[in-house]
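Okay, structure first, notes after.
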Amino acid sequence: MRILLVCDDYPSAFAGGVATSVMNLAKGLALVGHDVVLLWPEDPLAFPIDGVRQVRTKGWRIQLGKNHIVAAAPPRASDLPAGWIPEVVHAHQPSPLTWWARAYSRQHNLPLVVTMHNLLEHAHD
C-alpha cells in the first residue's frame, strides 16, 4: 500500500514526542512492505530512515507550550515524488500540514486518517 504520512513536528525538537512516533510508524510500515512517503519539516539534524522516502517542507517554527515545536508550511505539488499518488493519507495533529493533507485527500478522493497526539496536554502548558 502507498501511504503518505504527514507530520508537522521537527524530529529532533525533543526526545520522544509525535515526530518520534511517526518516524517509528514509518519504519514499521516500510519494514512490512508498504511504500511510505513521510512529509515533514526541514530539520538541521535530519537523517535517513531505512525504506522511507522523506519529503521535507520549508517552513518556520512555532512554539506551542513549553516543549512542543511544530512547522507550518504546506508543501508544493512538486514536493511529492513525481507520479506517486498514495492510497491513504495519515496526518498527525491539527496543523497547516494536516489542513493541506485534508485538501490533498479530497482532491485525489483518498481516505484521510488523523491521529490526535496528546493534544490536551499541550493546550494546558
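The values are calculated or read from the model by the stated rules, or taken from the named source; none is laboratory data. Computed from a predicted model, the values in this text were never measured in an experiment. We place every Cβ from the backbone using ideal geometry, glycine too, and count neighbours over all the protein chains shown. All accessible areas refer to the heavy atoms of the entire protein, side chains included, with ligands and DNA or RNA removed. Shrake-Rupley method; radii C 1.70, N 1.55, O 1.52, S 1.80 Å.
Could you tell me which numbered condition residue 70 fails, if it satisfies all but one of (1) modelled with pLDDT of 70 or more; (2) open to solvent by less than 20 Å² (accessible area, probe 1.4 Å)?
(1)
Being in a helix (DSSP H, G or I) and either surrounded by 12 or more Cβ atoms within 10 Å (Cβ to Cβ) or modelled with pLDDT of 80 or more (or both), is that true of even one residue in the range 78-88?
Among the residues of the range 78-88, at least one is in a helix (DSSP H, G or I) and either surrounded by 12 or more Cβ atoms within 10 Å (Cβ to Cβ) or modelled with pLDDT of 80 or more (or both), which makes the answer yes.
Sort through 29, 39 and tell me the only one that's part of a strand (DSSP E or B), surrounded by 15 or more Cβ atoms within 10 Å (Cβ to Cβ) and either touching a strand residue (DSSP E or B) at 6+ places or on another chain (Cβ under 7 Å) or at pLDDT below 80 (or both).
39
Under 15 Å from residue 116 (Cα atoms), touching a Ser or Thr at 6+ places or on another chain (Cβ under 6 Å), modelled with pLDDT under 90 and open to solvent by less than 80 Å² (accessible area, probe 1.4 Å): does that describe residue 92? Can you show your working first?
Working: under 15 Å from residue 116 (Cα atoms): yes; touching a Ser or Thr at 6+ places or on another chain (Cβ under 6 Å): yes; modelled with pLDDT under 90: yes; open to solvent by less than 80 Å² (accessible area, probe 1.4 Å): yes.
Answer is yes for this residue.
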